[in-house]
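The values are calculated or read from the model by the stated rules, or taken from the named source; none is laboratory data. Remember, it's a predicted structure, so these values are computed and weren't measured experimentally. Methodologically, a virtual Cβ is constructed for each residue, glycine included, from the backbone with ideal geometry; neighbour enumeration extends over all protein chains shown.
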There are 2 protein chains.
Amino acid sequence: MKFYDRLIDESAPGALQAVPATTNVPSAEYPRVYADGRVTFRVHLPSAKSVHLEGGQGLCSSPVPMSRDGEGNWSVTLPPTVMGFHYYWFTADGTQINDPGSHTFFGYGKQTSGIEIPDPQLISSDLVTAPVLPVYAPHPGPQGQIHEHWYQSQLTGNWRRCFVYTPPEYQDAANAGTRYPVLYLQHGAGEDETGWVRQGGVNFIMDNVILGNSSSFFFAAGSQPKAKPMIVVMDNGYATYATPRPQMRDPSETYLRSGSEAFGAVVTQELIPFVDRNYRTINDREHRAMAGLSMGGSQTMAIALTHLDFFSHIGTFSGAQFLAPRSQAAGAAAAPAFDPQTAYGSAFADPEAFNSRVRLLWMGAGTAELALSESLRQNAEKLRSANIKLVEYHSPGTAHEWQTWRLCLSKFAPKLFQS
Amino acid sequence: MKFYDRLIDESAPGALQAVPATTNVPSAEYPRVYADGRVTFRVHLPSAKSVHLEGGQGLCSSPVPMSRDGEGNWSVTLPPTVMGFHYYWFTADGTQINDPGSHTFFGYGKQTSGIEIPDPQLISSDLVTAPVLPVYAPHPGPQGQIHEHWYQSQLTGNWRRCFVYTPPEYQDAANAGTRYPVLYLQHGAGEDETGWVRQGGVNFIMDNVILGNSSSFFFAAGSQPKAKPMIVVMDNGYATYATPRPQMRDPSETYLRSGSEAFGAVVTQELIPFVDRNYRTINDREHRAMAGLSMGGSQTMAIALTHLDFFSHIGTFSGAQFLAPRSQAAGAAAAPAFDPQTAYGSAFADPEAFNSRVRLLWMGAGTAELALSESLRQNAEKLRSANIKLVEYHSPGTAHEWQTWRLCLSKFAPKLFQS
């Protein structure tokens with residue numbers, strides 16, 4: 001994650017300065033980002049007849065044809081796009097392939113190329129004189145740590161891996177007796193426990209919001225409160241029981257809880273005890289939060305709202321459970337309308353009890369993910385009408401992409417454990 | 001890294017049991033390993049005209065043609081091969097592509113598919129009754145941790161990442177006052193600081209040799225001594241100065257030290273102080289070791305032997321510096337013959353001083369990497385003739401591949417910090 005230490009001088013007269021993406025493997029000069037925000041992708045596929053660039057929301061909404069030069073290089077330049085992390089791949093004669101010039105990131109159920117698009121204004125800037133960096137960028141202050149753990153799950157019958165972030169001050173000898181609250185933070189569908197670390201830059205975000213680093217644009221204006229020092233745990237959201245379990249008691253909740261039942265058991269019966277054994281946690285519901293993006297937001301609602309003895313702070317970033325009912329493909333079960341009276345085991349039915357028990361219900365989405373943004377508005381309104389307190393956040397101009405989730409985390413974390 | 005929890009039942013009569021490789025992405029059924037040790041690779045490339053399997057030493061020494069079925073799937077079955085980790089890729093009509101069914105690992109300067117080939121005897125075994133696992137396998141005992149750090153290097157002018165292993169007992173409150181020796185452990189050419197964690201399974205190896213886990217085949221016979229609990233640090237071996245430095249004083253050493261000069265400065269001036277600030281280390285040369293594989297072994301010799309005020313234990317696994325002079329491509333500088341009297345700033349010239357100062361000089365290679373194995377024999381003999389004490393190890397049947405380096409580490413680590 002080096003920034004701007006390798007400028008490319010193009011020979012064309014008047015060419016703009018450019019940098020290889022920081023997500024490139026060493027020495028790969030493509031993809032590259034120009035000082036006006038344009039991005040050029042290039043791949044050497046001499047025997048291909050047709051090559052397209054494809055990618056996630058925020059980068060390109062449909063396949064973009066690439067052009068071949070005389071040496072078998074296919075390239076395309078995109079107009080300025082949303083900064084942040086984007087998945088992408090090439091489709092050559094119908095086959096998806098990754099970019100050999102890029103690192104890969106686990107998304108779409110497999111290893112996928114990814115590009116970190118920087119703020120184009122910084123490309124032509126001197127970093128020393130223009131040190132206003134994104135909240136997810138490395139910073140020169142004290143650093144938190146990412147720890148990797150493998151644990152044997154009795155519930156799923158296999159080895160599982162989780163990552164744990166500890167804040168900068170955690171290792172200080174002076175804090176050896178200090179205990180910390182914990183946020184359980186989940187990835188989206190097709191991703192895994194590496195997502196928040198590799199794609200998200202969770203450690204840099206948390207460091208910056210905990211330290212209130214003035215080098216970050218969030219703090220340059222001085223208006224953002226600091227987050228409490230906390231531990232963040234990131235597990236794999238996919239879990240199936242080693243031995244089948246009886247049906248859920250309430251079949252009407254199958255839609256909302258499918259994919260969450262076994263994972264919820266892992267979180268509450270195995271993961272939380274594991275973390276509490278291995279870290280200096282404050283082991284009670286008042287100091288435990290859960291949040292997630294997309295599928296992870298859906299799981300967060302399903303798990304946290306039905307386990308309020310475990311969690312007091314809840315966040316969902318582009319959480320899929322807020323999709324309003326819509327026309328379904330033949331054979332798929334229709335999603336029930338979101339009804340605050342009955343949803344999640346009637347967790348919202350008694351607003352006074354809910355508001356005193358749940359210290360924070362926080363819901364975010366990007367304004368460019370239109371359906372989710374709109375359903376967030378509708379459902380937040382339904383909840384407010386039912387006298388449920390919540391915080392609603394719409395990230396400007398970002399889609400169903402990591403930039404939305406990075407911004408959500410940076411806004412959500414400072415509101416945790418403040419009461 | 002699950003083992004054998006997803007058996008594949010093939011419909012063919014008399015078909016052997018098989019398992020998807022543990023390095024596959026979730027739900028990918030290829031590559032798969034059969035109970036007789038054969039491995040089948042398969043990839044869907046309907047528009048390709050010719051597809052080959054290629055891979056590192058130990059898997060396939062030359063491209064293996066794959067066959068197309070009527071649905072555009074190309075496949076090939078390899079005869080039983082060396083167990084352990086192997087890089088591989090497909091070449092379709094001249095273009096290298098990764099296997100979408102596999103996780104990727106940083107090798108050859110880019111993200112590359114990899115397969116973990118298990119002991120085929122275990123595929124048809126009941127794990128409960130046959131729990132003799134490789135030394136690099138997850139184990140149910142107390143687990144060490146991998147920590148990830150980013151640090152800003154003044155010498156190179158950019159952000160660098162390192163991984164740190166701490167032993168199982170490090171986190172115990174009872175050991176809060178205990179300090180530990182440190183092994184600096186390096187990857188090979190084209191790899192990076194993730195190599196020992198992802199390809200190597202360094203945390204499982206170290207746990208198993210520190211705990212003497214009886215579930216591991218190394219300890220089933222009861223003959224292997226336990227390793228001392230230690231910290232292991234893995235940094236990126238590639239480093240260039242932000243500002244050019246004057247030439248090295250002794251140009252005759254350029255060959256041996258090229259690629260090590262800036263990295264050696266990073267290790268001794270930045271990395272070691274960083275680790276000593278952040279971990280409970282024993283901060284002296286008697287409790288500091290360095291080792292590495294291939295290029296990392298070469299770097300270890302170049303750095304440790306010229307910084308004996310920092311290191312007392314030295315290991316090289318398939319270290320490239322032991323190549324005897326050989327015919328060079330036109331224009332390439334010839335490697336000087338290995339001369340114990342003059343090599344590495346004459347570190348070996350006074351054997352008595354060397355043997356008292358260097359507590360362990362350990363050199364390993366695989367018997368199937370013929371040139372390196374033979375040059376190890378020759379150079380070890382030269383050193384012994386010069387009255388230098390050393391340990392020589394030849395891993396049976398393994399090539400220039402991670403299985404050699406895993407076995408080297410498991411043999412080397414128990415000899416560290418014992419005097």
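Structure values in brief
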read-out: Residue satisfying condition, being modelled with pLDDT of 85 or more, under 23 Å from the mean Cα position of the chain (by Cα), more than 18 Å from residue A:123 (Cβ to Cβ) and within 14 Å of chain B (Cβ to nearest Cβ), within set A:43, A:51, A:25; value: A:25
read-out: Leading residue by the ranking (farthest from the other protein chains (Cβ to nearest Cβ)) among those in segment A:93-111 that are more than 22 Å from the chain's Cα centre (by Cα) and under 22 Å from residue B:30 (Cα atoms); value: A:99
read-out: Residue within segment B:78-85 that is over 28 Å from residue B:404 (Cβ atoms), aromatic (Phe, Trp, Tyr), at pLDDT 95 or above and not assigned by TED's automatic domain parsing to the domain that holds residue B:197 present; value: no
read-out: Count of residues meeting criterion [closer than 16 Å to residue B:281 by Cα, at the interface with chain A (Cβ under 10 Å from one of its Cβ atoms) and under 24 Å from the mean Cα position of the chain (by Cα)] in segment B:150-180; value: 4
read-out: Residue A:76 vs. criteria touching a helix residue (DSSP H, G or I) at 6+ places or on another chain (Cβ under 6 Å) and at negative phi; value: no
read-out: Residue in segment A:55-77 that is in a helix (DSSP H, G or I) and touching a Gly at 6+ places or on another chain (Cβ under 9 Å) present; value: no
read-out: Of residues in segment A:368-419 being over 23 Å from residue A:344 (Cβ atoms) and touching a His at 6+ places or on another chain (Cβ under 9 Å), the one surrounded by the fewest Cβ atoms within 10 Å (Cβ to Cβ); value: A:368
read-out: Candidate set from segment B:192-215 (those that are of a type in the set (D, E, K, R) and assigned to a loop (DSSP other than H, G, I, E, B)); member that is nearest to residue A:173 (Cα to Cα); value: B:193
read-out: The lone exception for residue A:4 - which of (1) at pLDDT below 90; (2) farther than 19 Å from residue B:156 by Cβ it fails; value: (2)
read-out: Qualifying helices (runs of 4 or more DSSP H) (wholly inside segment B:326-419; at least 3 residues being at pLDDT 90 or above); value: B:351-357, B:370-385, B:402-412
read-out: Among (1) in contact with a Phe, Trp or Tyr (Cβ under 7 Å, 6 or more places away or on another chain); (2) buried (at least 24 other Cβ atoms within 10 Å of the Cβ); (3) at pLDDT below 95 - the single one residue B:216 does not satisfy; value: (1)
read-out: Any hit, segment B:382-389, residues being in contact with a Phe, Trp or Tyr (Cβ under 7 Å, 6 or more places away or on another chain) and farther than 17 Å from residue B:297 by Cβ; value: yes
read-out: Counted residues, segment B:171-189 - those being touching a strand residue (DSSP E or B) at 6+ places or on another chain (Cβ under 8 Å) and at pLDDT 95 or above; value: 10
